[in-house]
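The values are calculated or read from the model by the stated rules, or taken from the named source; none is laboratory data. If you're wondering where the values come from, they're calculated on a predicted model, not measured in any experiment. Reconstructed Cβ throughout: ideal geometry from the backbone, glycine too, with neighbour counts over all protein chains shown.
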Amino acid sequence: MDFLLSYLALASIYVMLGLSTNLLVGIVGIFSVSQAAVFGVGAYIVGHFLMAAAPMPFLAALAIAMLCCITLNILVTLPSLRVSGDYFVVTSFGIQLLATAVFTNWTAGTGGASGMPGIPPPDLFGYQLQSTWQLMALCMAGMLLACLCFWLVMRAPFGRLLRAIREDERAVAAAGKSVLRAKVSAAALAGAFAGLAGGIYATFLSFIDPSSFDLDASILLLTMVVVGGARTLAGSIAGPFLLLALPQILTLLDIPTTFAATARQLIYGLLLIAFMLFRPQGLLGERL
Amino acid sequence: MTAYLQAEGLDHHFGGLHALQDCTFDIEPGRITCLVGPNGAGKTTIFNAITGFLRPDEGHVTFRGRSLDGLRPQAIVHAGIARSFQNLRLFTELTALDNVMVALPRQFAEEPLGAIFRPLHAARSQRPRRDDAMQALHHVGLADRARDTVRNLSYGEQKLLTVARLLATGAELLLLDEPASGLSAGALDAVMALLRRLQSEGKTLLVVEHNTRVVQQIADEVLFLHQGHLIARGPPAQIIADPALAEIYFGGAL
């Protein structure tokens, strides 16, 4: 039972990240490969404040983490205004590597490669969440909140503006709209989703280390968006739930655990190629 | 008295190409002015310089006595000047209606906070704006295609849609880059009638056009541009009848 609950909780967290990635990559067309880094910053900040000598309430720590991630995500996406398309992928790649280096080597702040153990479970207004059920409910609530925000934003004039920007920035400027402001707003929202996911992730696992926030994780996020489907809410939900089910299915098969990890990467890679070739719009998305 | 739109001494180089050379002209309100000249004369470059897409090396543009120098394109739209593009630049995956709605000024929830925290107000405030957009579509004769994606519109309909998008901005001076090129005879008449109607409703138009028949029929005044410099201006009949200008325009083929 716990097995299923933690699957649902993890998938919910990855839906928030999927929304973050989808907003930037799918909807605005900023090809970020560093969303896991922002996710990591959110997780470390919440871990830090909950383990401080005078622990902060969970929601306060989460709010700080989200504000930091909003700022950070705006800063890391700003280069996309200067360097376009392919060049931004390289820039974003560099940002991800830089973040991993900091997570791994800043031992005082992050615990370095051995990670940050013993993060306490979250509290809500003084009430400690303890059981896996309660934690799962928190993850689900975070996911529903993020989905609601995404849905509201995309049906508002802001969503239409973002779609227009992805097609033709010059035409948007000629229509009297600030492309810069819209992109910064989208980056802020994507940062808020990633910070929310990071904070909940840290308290849910109670242990975080750099391997959850590295380039592989960023690529996993992209794979989720591609397989689930770019640019739609349904796609951002389907991708994480499907791809996170895969390792669980592999553990049911009678194969050595060392091989299972390799097999998972292998299948992710194959899925990415196959979807790009045969179904670029993903399962429930629109064509990229 | 200051001119309605005044371009003064515009000068610009693209590498070794001297695209605009001390280009000076003005436009009077309420008229249709056609900008003509051979390919590479700098017509589109002038559009870009007026609308903030290009910062000229030298020169100034003023609109109703206000300097436009250094303003971003969106600020120039707010000042009252909107432009279309030769290659249309429509949002092809959006519907005709959404293409127009993007251009409506001052919409609520054009940023995420309003959309998230006041969703009902966001939805409610869109209804009258949708009517505004429908009116712009109706104006160009595309009301029945509002729900179609741009991809499914004919080329002529797409050109009309670019005009609807300009109208939605509320701008009073419209810069149209070849609104009649590539159109069938029927569509051509529809566009010319539309431009005349816009003029009668108080819009001022600056139009880049190659088709001399169109120029003759719609222009109140013609500005003749050659090698980035204004070399003649006058009523269309006079410009078209000038053999020296025809020589430049047709490269001596006549």
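Here are the numbers for the structure shown:
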{"item": "Failed item in (1) small (Gly, Ala, Ser); (2) in contact with an Asp or Glu (Cβ under 9 Å, 6 or more places away or on another chain); (3) within 12 Å of chain A (Cβ to nearest Cβ), with B:Gly141 passing the rest", "result": "(3)"}
{"item": "Where a residue in region A:259-288 is over 13 Å from A:Ala230 (Cβ atoms) and its partner, wherever it lies, is assigned to a loop (DSSP other than H, G, I, E, B), with Cβ under 9 Å and at least six apart", "result": "A:Ala260/A:Leu253; A:Ala263/A:Leu253; A:Ala263/A:Ile255"}
{"item": "Residue, farthest from B:His18 (Cα to Cα), within region B:207-224, restricted to residues that are over 17 Å from the mean Cα position of the chain (by Cα) and touching a residue at least 24 places away in the same chain (Cβ under 8 Å)", "result": "B:Gln217"}
{"item": "Flag if B:Val163 is surrounded by 20 or more Cβ atoms within 10 Å (Cβ to Cβ), at pLDDT 90 or above, part of a helix (DSSP H, G or I) and within 14 Å of chain A (Cβ to nearest Cβ)", "result": "yes"}
{"item": "Single unsatisfied condition, B:Leu88 versus (1) surrounded by 17 or more Cβ atoms within 10 Å (Cβ to Cβ); (2) in contact with a strand residue (DSSP E or B) (Cβ under 9 Å, 6 or more places away or on another chain); (3) at pLDDT 95 or above", "result": "(2)"}
{"item": "Pair list, Cβ < 7 Å and 6+ apart or interchain, from region B:166-193 residues that are surrounded by fewer than 17 Cβ atoms within 10 Å (Cβ to Cβ) to residues that are part of a helix (DSSP H, G or I) and of a type in the set (Ser, Thr, Tyr)", "result": "B:Gly182/B:Tyr155"}
{"item": "The listed residue being part of a helix (DSSP H, G or I) and touching a Lys or Arg at 6+ places or on another chain (Cβ under 8 Å), out of A:Leu242, A:Leu246, A:Leu220", "result": "A:Leu246"}
{"item": "Residue check for A:Leu284: over 16 Å from the mean Cα position of the chain (by Cα) and more than 30 Å from A:Arg155 (Cα to Cα)", "result": "no"}
{"item": "Lone unmet requirement of (1) touching a Lys or Arg at 6+ places or on another chain (Cβ under 7 Å); (2) more than 12 Å from every other protein chain (Cβ to nearest Cβ) for A:Thr104", "result": "(1)"}
{"item": "Residue match in region A:68-77 (condition: touching a residue at least 24 places away in the same chain (Cβ under 8 Å), more than 17 Å from the chain's Cα centre (by Cα) and either surrounded by 14 or more Cβ atoms within 10 Å (Cβ to Cβ) or closer than 30 Å to A:Met276 by Cβ (or both))", "result": "no"}
{"item": "Residue within region A:157-176 that is surrounded by fewer than 24 Cβ atoms within 10 Å (Cβ to Cβ), among the charged types (D, E, K, R), over 14 Å from A:Leu24 (Cα atoms) and within 22 Å of the chain's Cα centre (by Cα) present", "result": "no"}
{"item": "Residues located in region A:141-154, provided they are more than 14 Å from every other protein chain (Cβ to nearest Cβ) and surrounded by fewer than 16 Cβ atoms within 10 Å (Cβ to Cβ)", "result": "A:Ala141"}
{"item": "Unique match (being under 18 Å from A:Ile208 (Cα atoms) and of a type outside the set (Lys, Arg)) among A:Ala53, A:Ala9", "result": "A:Ala9"}
{"item": "From the options B:Thr51, B:Thr33, B:Thr62, residue that is under 18 Å from A:Ser178 (Cα atoms), in the same structural domain as B:Glu8 (by TED's automatic domain parsing), at pLDDT 95 or above and not small (Gly, Ala, Ser)", "result": "B:Thr51"}
{"item": "Subset of region B:61-102 [assigned to a loop (DSSP other than H, G, I, E, B), in contact with a helix residue (DSSP H, G or I) (Cβ under 6 Å, 6 or more places away or on another chain) and among the polar types (S, T, N, Q)]", "result": "B:Ser84, B:Thr92"}
{"item": "Considering residues of region B:87-133 that are β-branched (Val, Ile, Thr) and more than 9 Å from chain A (Cβ to nearest Cβ) only, the residue nearest to B:Glu172 (Cα to Cα)", "result": "B:Val100"}
{"item": "Wholly enclosed helices (runs of 4 or more DSSP H) of region A:1-96 bearing at least 2 residues modelled with pLDDT of 90 or more and among the polar types (S, T, N, Q)", "result": "A:2-21, A:58-77"}
{"item": "Members of region B:52-78 that are surrounded by fewer than 18 Cβ atoms within 10 Å (Cβ to Cβ) and at the interface with another protein chain (Cβ under 10 Å from one of its Cβ atoms)", "result": "B:Arg72, B:Ala75, B:His78"}
{"item": "Qualifying residue in region B:38-57 (condition: β-branched (Val, Ile, Thr), outside any loop (DSSP other than H, G, I, E, B) and touching a Ser or Thr at 6+ places or on another chain (Cβ under 9 Å))", "result": "no"}
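For (1) without any contact (Cβ under 8 Å) to a residue 24 or more places away in the chain; (2) touching a strand residue (DSSP E or B) at 6+ places or on another chain (Cβ under 9 Å); (3) facing chain B (nearest Cβ under 8 Å), each residue gets a yes or a no:
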residue: A:Ala137; (1), (2), (3): yes, no, no
residue: A:Phe158; (1), (2), (3): no, no, yes
residue: A:Glu167; (1), (2), (3): yes, no, yes
residue: A:Ser178; (1), (2), (3): yes, no, yes
residue: A:Ala182; (1), (2), (3): no, no, yes
residue: A:Ser185; (1), (2), (3): no, no, yes
